[in-house]
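The values are calculated or read from the model by the stated rules, or taken from the named source; none is laboratory data. Everything quoted here is computed from the prediction, not taken from an experiment. Heads up, the Cβs are rebuilt from the backbone with ideal geometry, glycines too, and the neighbour counts pull from every protein chain shown.
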Amino acid sequence: MTRQAGIRRLLLTVAFFAAALPADSQKTQPGASTQNVSTQNEPAAPFKEAEDYFRRGSFDQAIAKYGEVLKSGTKGADAYTGIVRSYLKQDRVRDAAESLEKGLQAKPSDPGLKVAQGELLFRQGKIVEAEKIFVQVINSGHAPARAFLGLAQVSSAVAMHAREYRLILRAHELDPDDQEIQKQWMSTLSRADRIKSLESYLSQPTSDDADARRALSDYLAMLKARLATPRGACRLVSGVTATETELLPLLRDANHLRGFGLPVTINGQKSKLLLDTGAGGITVNRKLAARAGVQRLVDVRIGGVGDQGNAKGYAAYADSIRIGSLEFRNCPVDVIDKGSVADEEGLVGADVFQRFLIELDFPGRKLRLSQLPARPGEPQVKPSLATDTADEDDVDSESDPKPAPGTGNGADPTPAPKHFDRYIDPEMSSYAHVFRFSHMLLVPTKINDAPGKLFLIDSGAWNNMITPDATRGVTKVHGDSDTKIKGLSGSVNKVYETGTVVLEFGSLRQKNEDMVAFDLSKISRDVGTEVSGTLGFAMLNLLKLKLDYRDALVKFEYVPNPWRH
């Protein structure tokens, strides 16, 4: 994992259906939110104090004051909503669930509590169920702003980006003072306006924890640095738009593969970077960065699996990146200050190819990139390398969407839309619907026939892994002192081992005699939804994968007897 997941979630924090925005949504009235409650009378003193504590991130004090409100017998639903959100801010998901249950028993149809229910379901990884709740509240005609925000987050996860954009604007229209809505709304602004809004946001106390504020501060520093030294977007300069390249074996020891490396040439310097579907962007170590002469931009923190905190590093630019027959110019990369990155020269996240249809033929040891099918109404643009998803508004004139044909009066043509909803080409009808959170693709997965869990496709992890929480009621788990796990954020302190686990995802089913188990709560907090495990390299090495990041689609194809290749 890299820093980009956290940043993307902060600013843009498989449904099997995609509920359309109701036609009468513009008629709904503002409702209560934790940050800005609309009432006819001035809130009672304890409730106002609770709200103030919440806005400053003092959640224990907020919960205590909300408790006083409940004892007074007034504003009970709003107080329960505040308690649920305070617990969610502290990542105390079980406590949030218990408080929500009490609130719904007292006020089963309260719109604010129903929205809090949807937010809890989303955090638990029950995204389809959360979507149904948000749609139900919006259709009721009395939707708080947070209902539109919640449905926007679902829309982002299922690649319904045009719907997401409309919902964010609607949420901000209803409650521009809500801090969560503000962070989402900033993603719709130009770089210059985003800088102003983010400066204003960080100048006041907020409900964000220290890590989130640091990530936002890093992001602000990066935006300012790019505004001061404009370079345009990373762009494809070679004449071809498809390529095939070898995947090179990386060994864990003399007899075992630990992953595949991708040949990448940075500023003329050849390298072999670990191809990691669980990471985002391109991250290189300082030796490769020095050899390639990348241009340092601003200091950042880079995080991933591990319990030792984020690593120090810096954001930089590479003048040229070559992958196969494709050459890209002016592309951001991250540089980690540690001497190595996962024992290789660096990592390349598969998401950097998100503007292509990606085929990872692990048995055949090939990476193939080709153009994605055009979406209806979308102008054709030359695909490029998406090395920086945190700043997607930085687009140069070569790849800017052109005006739609037949629109405008010639002097002032109507610009082509920038936001599109998921498009499933007929040739992709057999692909599995997944959830996308920044660079992460989360696959709905059954564990021993129990549905409802989300697993990360992670070719950078050496094997399938699971969280101890996900094993409850389905298999036994015990301590494992022999297994060592290390990521960009250091070593994992507590590692466990499970009994037999059968995983079912896509159209595949795999039996694991035992699995490594460890806590992934940091990743779940960053993502905003529960990640119950990873589908790692040892299993992925048996498959051909086709990845469509744009539309959140994945095709899994098992290849029998792959070693013949």
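The criterion of being at pLDDT 90 or above and under 19 Å from PHE537 (Cα atoms) holds for ILE457. SER481 fulfils the conditions (1) in a loop (DSSP other than H, G, I, E, B); (2) modelled with pLDDT of 95 or more except for a single criterion, (2). Among the residues making up the stretch 227-251, a single one is farther than 30 Å from GLY261 by Cβ and either surrounded by 13 or more Cβ atoms within 10 Å (Cβ to Cβ) or in contact with a Ser or Thr (Cβ under 8 Å, 6 or more places away or on another chain) (or both): LEU227.
Scanning the stretch 156-167 for residues that are under 17 Å from the mean Cα position of the chain (by Cα), within 13 Å of ARG550 (Cα to Cα) and part of a helix (DSSP H, G or I) yields SER156, ALA157, HIS161.
Pairs are defined by a Cβ separation below 8 Å, a sequence spacing of at least 6 or placement on different chains, a first member in the stretch 267-292 that is in a helix (DSSP H, G or I), and a second member that is β-branched (Val, Ile, Thr); the pairs so defined are ARG286/VAL335; ARG286/ILE336; LEU288/ILE266; ALA289/VAL333; ALA289/VAL335; ALA292/ILE266; ALA292/VAL284.
All told, SER155 meets the bar of being hydroxyl-bearing (Ser, Thr, Tyr), buried (at least 22 other Cβ atoms within 10 Å of the Cβ) and either closer than 23 Å to ARG375 by Cβ or touching a strand residue (DSSP E or B) at 6+ places or on another chain (Cβ under 7 Å) (or both).
This table checks each residue for (1) under 18 Å from ARG436 (Cβ atoms); (2) in contact with a His (Cβ under 8 Å, 6 or more places away or on another chain); (3) not assigned by TED's automatic domain parsing to the domain that holds LEU441.
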{"position": "LYS107", "(1), (2), (3)": "no, no, yes"}
{"position": "VAL115", "(1), (2), (3)": "no, no, yes"}
{"position": "GLU131", "(1), (2), (3)": "yes, no, yes"}
{"position": "ALA143", "(1), (2), (3)": "no, no, yes"}
{"position": "ALA147", "(1), (2), (3)": "no, no, yes"}
{"position": "LEU151", "(1), (2), (3)": "yes, no, yes"}
{"position": "ALA162", "(1), (2), (3)": "yes, yes, yes"}
{"position": "ILE168", "(1), (2), (3)": "yes, no, yes"}
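Here ALA290 fulfils each of the conditions (1) under 18 Å from ALA315 (Cα atoms); (2) surrounded by 15 or more Cβ atoms within 10 Å (Cβ to Cβ) apart from (2).
Residue by residue, here is whether (1) modelled with pLDDT under 55; (2) over 21 Å from the mean Cα position of the chain (by Cα); (3) closer than 20 Å to ALA315 by Cα; (4) surrounded by fewer than 21 Cβ atoms within 10 Å (Cβ to Cβ) holds:
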{"position": "VAL341", "(1), (2), (3), (4)": "yes, yes, yes, no"}
{"position": "ALA350", "(1), (2), (3), (4)": "no, no, yes, no"}
{"position": "ARG368", "(1), (2), (3), (4)": "no, yes, no, yes"}
{"position": "PHE420", "(1), (2), (3), (4)": "no, no, no, yes"}
{"position": "MET428", "(1), (2), (3), (4)": "no, yes, no, yes"}
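Name the residues in the stretch 256-296 that are charged (D, E, K, R) and in contact with a Phe, Trp or Tyr (Cβ under 6 Å, 6 or more places away or on another chain), would you?
Those that are charged (D, E, K, R) and in contact with a Phe, Trp or Tyr (Cβ under 6 Å, 6 or more places away or on another chain): ARG258, ARG296.
Residues of the stretch 95-116 that are surrounded by fewer than 22 Cβ atoms within 10 Å (Cβ to Cβ) and within 23 Å of the chain's Cα centre (by Cα): none at all.
Provide a single number: the residues in the stretch 75-86 that are surrounded by fewer than 23 Cβ atoms within 10 Å (Cβ to Cβ) and of a type outside the set (A, V, I, L, M, F, W, C).
Of the residues in that region, 2 qualify.
GLY487 meets all of the listed conditions (1) modelled with pLDDT under 60; (2) surrounded by 15 or more Cβ atoms within 10 Å (Cβ to Cβ); (3) in contact with a strand residue (DSSP E or B) (Cβ under 9 Å, 6 or more places away or on another chain) but one, namely (3). Pairs meeting the criteria (first residue in the stretch 442-456 and polar (S, T, N, Q), second residue outside any strand (DSSP E or B), beta carbons under 6 Å, at least 6 apart or on different chains) are ASN448/VAL474.
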